Amino acid sequence: MATSRPCGVVKESYRADMSFFEKPFHYWAMGLFVLVLVILPFTAPEYYLNAILLIVIFSITIMGLNLLTQAHLFSVMHAALMGIGAFTTAFISHQVPFFITMPVAGLMAAAVSVFFGLPSLRIKVFYLLFSTTAAQFIIEWVLNYITRDIPGSAVYTAPLAVMGYQLGTIEQYYLYLIITAIMAYIIAHIGRTPLGKALVMMGEKDYAAQIQGVNLLKFKAIAFAISGFYAGVAGSMWSYMLGLVTPEHFPFLMSWELLGVGVIVGGLGSYVWGSVLGSVMIIVVTQVTTELVTVLTPYMPWLGASAFGLRAIFYGIIIAAILILEPEGLANLLRKVKRYFDLWPFSY
Amino acid sequence: MKNVLEVRDVHLSFGGLVALNGVNLQLKEGEILALVGPNGSGKTSLLNCICGFYKPQKGSIIYRGEDITRTPPHVRAEKGIGRVFQTPYIFHGTVVDNIMVGYITQQKGLAKLVTMKSAIEARKKAEELIEFVELEIYRNSPAHGLPMGIRKRIELARVLMWNPDILLLDEPTSGLSIDEKRDMARYILELNEVHGKSILLVEHDLSLVHDIAHRAVVMDAGVEIAEGTPEEVVNNPEVIKAYLGE
Amino acid sequence: MVLLEMVVMGLAAGTIYGVMALSFVLIYRVGKIVNIAVGDMVLLGAYLIFAFSGLGLVQNPVVNLILGLILASIFGLFIAVGTERFLMRPLYGQSILSLIMMTVALGMILRGATIVKWGTVLRVFPGQHEVFPPIPLSIGPIEIPYVYMWSIAGAILIFGSFLYLFRKTLFGFAMRAVSLDPEAAATHGISIKKIYIYTWMIAYVAAFLAGLVLGAINGITVIVSYLGLARALPAALIGGLDSPGGAMLGGLLLGLIEHTVGTILNAYIPGIRDIIPYIVLLIVLLVKPYGLFGTVRIERV
């Protein structure tokens, strides 16, 4: 969202004006960020690499969910949609390579997403939360039902391979980064086109949007499809990363975490950075809780079994704090930093 | 002159409440038709019927010889009926963002909405309209907190984005200062005279109606009670009765 | 005869769904807050009753459990004040999504707190077997578990007293006024803050009662919170989100559907009974989004 910018920044074409990078400084910052990501696997232990892969996967889901929430189509079925992507991948990964399974998983999840999103034509706002809650449980149940004969309901995914060459963790990390970059570019691009703006408008006042020629059926379906596709691809990546999937991986609570921590804490309307920050928050809290419990258990033995509960408390406190203190999310903090550096070193 | 829009014997009621009770109205090519009447007389309901939010129980709405009584709102917009609301609906985003939304109406097919080319084209067109409604300095500021006068202009620009054939303006000057009213009247006249749009104007300010409208229709309690030039209408005893009571 | 038993069981189970739906509807009606935390409030209630009756203040197990419920409810009043004061009040006037997410945060905190305090082990109420004997109660040809007697009695008690409060007293009048228009009510001398706090208190007490019954049926674990949410949402929705009477009727209907249609279908598709409430919810949303008794929202253009 291009807000008022400092003087001295002159744009000579509309294309330059709509670019994601407003100033040379932003190119430098982005370049530095990419550089850090590229050299990271050589310095960080594999344990952290896995955490980053999880961050990447969640941020893709949250990007789609962020767009959907921005159109005021509240959804809490995204964990289940990821599950659909993951299971689709697990079932077909033994026959076809990843660059086919991922789009297929995405399309599958998009179809389910649109199907359960269609009631949004008749029902609005939080009623949609109810219908998607129902969708989450129904999808979860169906996944359980399909896998009822498999011991542990666990379906194994073929390892990630290109032309028979099996990718290691580091190669997988680079591959996932590239996919994320592409997905992030697409969602940010949608945000700046008339389509993205129409989705925002549709969310805030659907009848006013209708009079601008927004076909609600079409646009709501588009929003659900995009968001479902993102969730499906993320699920597919998840499936390759873990090597096996079970329905328990995609519980109802995860949907709420995606919406609450991922979108709201990250920053609603900030499709890329808000989503990434939200995703970082989800994973960081999980990791910190795990380590905290490991450290504290010798002193407080009762804590041992309750990492799960501690994590929920942290999430709850973070959501509450963000809602009260910074309702626009962490992305707004990032924006403030950016604003500060816009005029650096002569900021006021 | 040809009728662009014709409302024939439209009846609309919500439960027991009768909002429109057999309204007839013709909007001629290239005219400014003012629709006046006391609050609750059904003016806004009529506009909602014309742009498709309400489906009248009886009667029909003809747009350029085509019955559009049952068409959904977005299709009517594609056909060229533009509507400006009484309270502008501005979403969170910059002024440019708000105006760019209007671009989607004419575009057939999804591909046209997501290419960079279309975004740039939309941006360019938005820029022209920003110039038209004189909002250059607000271009990149968040639209949500701007004052009423600016928001009304944003909404007008958004509708003009897709070059509608007829404009339904719902109290375009309510809540504006004298200066802003003058500006708005200027835009309306320019749209009518330079761009040849037919305009249906709902307005309470009779002096404004007197100044810019070619014809006026007075409504009261869901029926139209008088029709003619603004002078005739203002002096019509029925109208005076409706406004001032017995 | 089997069908009759199913119907009776369904209605009996429905009473407790109705109580949960009442808790949900009340918050929605008065504060326009969609309370996603309702399941977690039920869970907290179950654990608090477990804790307080575990103190063993009275010998008689039945009295002990009732005393536990009362003590838990008193404790709940304080939690209600905290909820309203520290979580909800800073957000009044904000978007509906913010309010919903705040209740989600509340739910996470409550659920997390119970897990940290009591772990994930399945617990039962002290004296469970004396209070709720495993042998069902036979009324003529029908057999129902004892716990449903509690459910029915509790539902009648809380629903009756609530209706009296809501319809007949000045306090109920103030509540209805606030639910219609908080600002207007405030200008007429009603303290909105107090009304909101009392509303949360009633909601907590209703949820705690539901916690007693659900905890007795399923044992006390985290699952109670999902069960609570899964039954409260459809029940509230069937009745229409803002009608307390509708909530009870919705609960009864949901119980009925779950125990008849659900049980019959379960024979053909094993496990489908678990998602019957959600299927009901989807159907209700599609057919009658504003429920049987809910206010239809007319949007002014």
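Structure above, values below:
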{"read-out": "Prolate/oblate/rounded label for the range B:107-246 (Cα gyration tensor, a/c 1.5)", "value": "prolate"}
{"read-out": "Interface size A-B, as summed buried accessible area [1.4 Å probe, Å², nearest 100]", "value": "3200 Å²"}
{"read-out": "Gap separating the Cα centres of the range C:81-117 and the range B:38-64, nearest whole Å", "value": "44 Å"}
{"read-out": "Candidate aspartates and glutamates - alpha carbon under 14 Å from B:LYS241, same-chain residues fewer than 8 apart omitted", "value": "B:ASP220, B:GLU224"}
{"read-out": "Sequence-separation-based contact order of chain C, relative, with Cα cut under 8 Å and 6+ spacing, percent", "value": "36 percent"}
{"read-out": "Solvent exposure ordering (accessible area, 1.4 Å, most first) of A:PHE87, A:PHE20", "value": "A:PHE20, A:PHE87"}
{"read-out": "Positive minus negative residues near A:ILE318 (Lys, Arg vs Asp, Glu; Cβ under 14 Å)", "value": "-1"}
{"read-out": "Cα-based reach from A:LYS124 at 20 Å (exclusive), listing aspartates and glutamates while leaving out same-chain residues under 8 positions away", "value": "A:GLU204, A:ASP206, C:ASP242, C:GLU299"}
{"read-out": "Charge context of C:LEU91, other residues only, Cβ under 15 angstrom, K/R +1, D/E -1", "value": "+1"}
{"read-out": "Kyte-Doolittle mean at least 0.5, axial Cα span of 30 Å or more - DSSP H helices of chain C", "value": "C:2-31, C:61-82, C:96-118, C:147-168, C:192-218"}
{"read-out": "Residue of A:SER306, A:SER270, A:SER131 that the Gaussian network model of chain A assigns the largest fluctuation, springs spanning Cα pairs under 10 Å", "value": "A:SER306"}
{"read-out": "Shape category assigned to the range C:37-85 from the gyration tensor of Cα positions, a/c cut at 1.5", "value": "prolate"}
{"read-out": "Cα centroid separation, the range C:268-292 to the range C:155-206 (Å)", "value": "31 Å"}
{"read-out": "Chain A: C-alpha gyration tensor shape, a/c 1.5 cut-off, then a/b vs b/c", "value": "rounded"}
{"read-out": "Separation of alpha-carbon centers, the range C:225-241 and the range A:221-274, rounded to whole Å", "value": "25 Å"}
{"read-out": "Averaged over B:90-102, number of beta-carbon atoms from partner chains that fall within 10 Å", "value": "6"}
{"read-out": "Reachable lysines, given that their alpha-carbon falls under 24 Å from the alpha-carbon of B:LYS152 and they are not under 8 places away in the same chain", "value": "A:LYS197, A:LYS205, B:LYS43, B:LYS79, B:LYS124, B:LYS125, B:LYS181, B:LYS197"}
{"read-out": "J(HN,Hα) series, the range B:162-171, from Karplus relation 6.51 cos²θ - 1.76 cosθ + 1.60, nearest Hz, glycine and proline x", "value": "10, 6, x, 7, 10, 10, 9, 9, 9, 6"}
{"read-out": "Charge sum, other residues only, whose C-beta stays under 15 Å from C:ASP274's C-beta, Lys/Arg counted +1 and Asp/Glu -1", "value": "0"}
{"read-out": "Helical segments meeting 20 Å axial Cα length and Kyte-Doolittle 1.0 threshold in chain A (DSSP H)", "value": "A:24-43, A:46-70, A:78-92, A:98-117, A:127-146, A:169-192, A:216-242, A:273-296, A:307-325"}
{"read-out": "Among B:GLY175, B:GLY145, B:GLY22: highest mean-square fluctuation, GNM of chain B, C-alpha pairs under 10 Å", "value": "B:GLY145"}
{"read-out": "Relative packing of peptides C:165-176, A:190-201, C:191-202 - highest average C-beta neighbours within 10 Å first", "value": "A:190-201, C:191-202, C:165-176"}
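The values are calculated or read from the model by the stated rules, or taken from the named source; none is laboratory data. Just so it is clear, the model here is predicted, and its values are computed rather than measured. Cβ atoms come from the backbone with ideal geometry, glycine included; neighbour counts cover every protein chain shown. Keep in mind that these areas ignore ligands, DNA and RNA; they rest on the heavy atoms of the full protein, side chains included. Shrake-Rupley method; radii C 1.70, N 1.55, O 1.52, S 1.80 Å.
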